[in-house]
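The values are calculated or read from the model by the stated rules, or taken from the named source; none is laboratory data. Quick caveat, the model's predicted, so the values are computed rather than measured. Cβ placement follows ideal geometry from the backbone for every residue including glycine, while neighbour counts extend to all protein chains displayed. Protein only, heavy atoms only, side chains kept; ligands, DNA and RNA dropped before computing areas. Shrake-Rupley method; radii C 1.70, N 1.55, O 1.52, S 1.80 Å.
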Amino acid sequence: MGDEWIKIAAPATTSNIGAGFDTFGLAISQPCDIIEGRKIPSGIVISEIDGPGAENITRDASANSVTIAAAEVLKRAGADFGIEVKIHKGIRPGSGMGSSGASAAGGAYLAHVLTDEKLPLSEVILCAASAEGYTSGTMHADNVAPCILGGFTIIRSYEPFEVLRVDPPANLGLVVALPDVVVMTSEARKVLPHEVPVKDLVFHVGHAASLVYAMEHGDLDLIGRSVADVVFEPARAHLIPHLKEAESAAMSNGAIVSFLGGSGPCVMAFYDKSTHKGEHIADAVKKVFNDNGMDCDVWVSECGTGCRRI
Ligand code: HSE
């Protein structure tokens, strides 16, 4: 491979998806980060960062998600070389669209390719999750798992680590709306309750289990009924102005369900591609934010593949 540059596309992801806090994740076909890298004799160097929010991303390789994750893969794979990386952000940090997860997963996957894919993918995911732990304060793999594996993923257990993957239904469409407000995951985790009433636990177990069943069986109506969160989204709702109005607008325009993406502020909507137009939902959600003086980017997207070489 010599000093040939290779390029990895690392997709946006949505996590939690109702009742699956730190557990469920889904890869989104666009937008994505592009991580470029090549072998160097030793060390880890970041030579370029561009794209939305790049000005606030550290070039210190010991503190950047891409290089922390890549270094962990190099270490575990016993590599005798270093890496130079260029980071092209397509996913704005603080969006709830798995921006730090895409950086971490892209960096880990880049190192995985450069080390001739020695590690099992579950270990590559763990390397990326350790970088998430560094940036958000708590190790969580619900963004990096779908970012690497694609599809809908379930973290069955963190210790020992086990991740499962399900193909989402082909007619499941996604609308992603990103209002012009930044919510860092580390901050959004500070507002969460430390204890959960048993009745809320029962609600989450039932909804989480039925979402997995619905994904497996391609039952979009049941997906709609299964995505609900009585603990985490309510605790964070005050961080995202007009969240409830945006979700209602999505529902009035054909979404099967609308919910907070990850730790926010992005608002997600699922819809049936065979019967509805995502553009109507996207326009309606965007209008809620625009009418309240906020900019909002929207993507009419679909479920995506994991990290890939391009
Ligand atoms: N599960 C994490 C959280 C995802 O909600 O804090 C952060 O993107």
Checklist entry - Which order do W299, W5 take when ranked by solvent-accessible area (1.4 Å probe, heavy atoms of all protein chains), largest first? => result W5, W299
Checklist entry - What is the percent of Cα-Cα separations in the stretch 1-146 that go past 22 Å? => result 30
Checklist entry - Using a Förster distance of 25 Å, how high is the FRET efficiency between K118 and H194, based on the Cβ-Cβ distance and rounded to 0.05? => result 0.05
Checklist entry - Taking a probe of 1.4 angstrom, what is the accessible area of D295 in Å², to the nearest 10? => result 110
Checklist entry - In terms of the Cα gyration tensor, with a ≥ b ≥ c the square roots of its eigenvalues, is the stretch 82-143 rounded because a/c is under 1.5, prolate because a/b exceeds b/c, or oblate? => result oblate
Checklist entry - Assigning unit charges at the beta carbon (Lys, Arg +1; Asp, Glu -1) and nothing else, what dipole magnitude in debye, to the nearest 20, does the chain show about its Cα centre? => result 120
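Give the carbon-plus-sulfur fraction of the accessible surface of the chain in %, rounded to a whole number; probe 1.4 Å, heavy atoms of protein chains only. Each step should come with its number before you reach the end.
Details: 6500 of 12530 Å².
After summing per-atom areas, the C and S share lands at 52 percent.
When the Cα atoms of the stretch 173-310 are enclosed in a convex hull and the volume is divided per residue, what value in Å³ results? Spell out each step's value before the answer.
Details: hull volume 18.8 nm³, N = 138.
In the stretch 173-310, the Cα convex hull volume per residue is 136 Å³.
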Checklist entry - Working out 0.36 nm times the residue gap between F161 and Y134, then minus their Cα-Cα distance, what length gain in nm do you get to one decimal? => result 7.9 nm
Item to check | Hydrodynamic radius by Kirkwood, which averages 1/r over all alpha carbon pairs of the chain, in angstrom | outcome: 19.2
Checklist entry - With every protein chain left in place, what is the accessible area of H242 in Å² (1.4 Å probe, nearest 10)? => result 50
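If you average 1/r across every pair of different Cα atoms in the stretch 118-247 and take the reciprocal, what Kirkwood value do you get, in Å? Please list the in-between numbers first.
Details: mean 1/r = 0.0598 Å⁻¹.
Every distinct Cα pair counted, the radius reaches 16.7 Å.
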Checklist entry - Mind listing the Cα extents of the stretch 15-55 along all three principal axes, in Å, largest one first? => result 45, 23, 20
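Before I look further, what does the chain give for accessible area per residue, probe 1.4 Å, in whole square angstrom? Mind showing how you got there, number by number?
Values: 12530 Å² over 310 residues.
Ligands and nucleic acids excluded, the figure is 40 Å² per residue.
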Item to check | Extension gain (nm, one decimal) between D219 and N56, 0.36 nm per residue minus Cα-Cα | outcome: 54.5 nm
Next on the checklist: Test of understanding: what is the full-extension gain from N171 to D295, defined as 0.36 nm times their sequence separation minus their Cα-Cα distance?
Outcome noted: 41.7 nm
Next on the checklist: Run the helix sum for the chain: -39,500 (n - 2.57) per DSSP H stretch of 4+ residues, divided by residue count, reported at 222 nm to the nearest 500 deg cm²/dmol.
Outcome noted: -11000 deg cm²/dmol
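Say a site is exposed when it is one of the GluC sites (Glu not before Pro), sits in a DSSP loop, and has at most 13 other Cβ atoms within 10 Å; what is then the longest site-free stretch of the chain? Let's see the in-between values first.
On the way: sites that count: E4, E117, E195.
The segment 196-310 is the longest one with no such site.
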Checklist entry - If you line up the long axis of helix 65-76 against the longest principal axis of the chain, both from Cα atoms, how many degrees apart are they, to the nearest 10? => result 50
Next on the checklist: I need two numbers for the stretch 203-260: Rg to one decimal and Dmax as a whole number, Cα atoms only, in Å.
Outcome noted: 12.4, 35
